[in-house]
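The values are calculated or read from the model by the stated rules, or taken from the named source; none is laboratory data. These numbers were taken from a predicted model, which means no experiment stands behind them. Don't worry about glycine lacking a Cβ; one is built from the backbone with ideal geometry, like all the others, and counts go over all protein chains shown. All accessible areas refer to the heavy atoms of the entire protein, side chains included, with ligands and DNA or RNA removed. Shrake-Rupley method; radii C 1.70, N 1.55, O 1.52, S 1.80 Å.
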Amino acid sequence: MEDTRYCEEISDAGIYSGREAMKGYALNKMCFSFNSAENREAYRRDEEAYCAAFHLTSEQRLALKHRNVRQLLDAGANIYYLAKWAGIFGIGVQQIGAQLRGMTEDEFRQMLAFEGKS
């Protein structure tokens, strides 16, 4: 019997549309700025001031403060730009995936290993 624990779709995963892109434009622009080490350091020094310079919404600022990836995606973040932000804190892609799935990082790794064998 095949193990299907991890094969279900993520029910709340949305489609990143043009509307989402516009909603998250400032947030994604800020995350893109983290290509620069100088900007990453400026963000670490004063997150609030850095966010204010990009005119982020209160929803976006709160999600950043709580390091909540799901809320950031709901607020218009693009996962590719968001990874630049997560890297500032040493948050890896597997940790992001685990958070989105509501799993521990170890459970998420096990799921990936299982899926790779399928």
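Below are the figures for this structure:
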quantity: Inter-site label distance for R19 and Q94 at 7 Å from Cα along Cβ, in nm; calculated: 3.7 nm
quantity: Nearby lysines by direct alpha-carbon distance to K65 (threshold 25 angstrom, same-chain neighbours under 8 apart not counted); calculated: K23, K29, K84
quantity: Per-residue HN-Hα couplings for the range 24-30 [Karplus 6.51, -1.76, 1.60; θ = phi - 60°; Hz; x = Gly/Pro]; calculated: x, 3, 5, 5, 5, 5, 5
quantity: Derived scalar couplings ³J(HN,Hα) [the range 85-96; Karplus, 6.51 cos²θ - 1.76 cosθ + 1.60; whole Hz; x for Gly, Pro]; calculated: 5, 4, x, 4, 9, x, 7, x, 4, 5, 5, 5
quantity: Accessible area of the range 12-118 belonging to carbon and sulfur atoms, whole % at 1.4 Å probe; calculated: 54 percent
quantity: Residues listed by number, the range 68-90, amide nitrogen under 16 Å from L112 label point at 7 Å toward C-beta; calculated: 80, 83-84, 86-87, 90
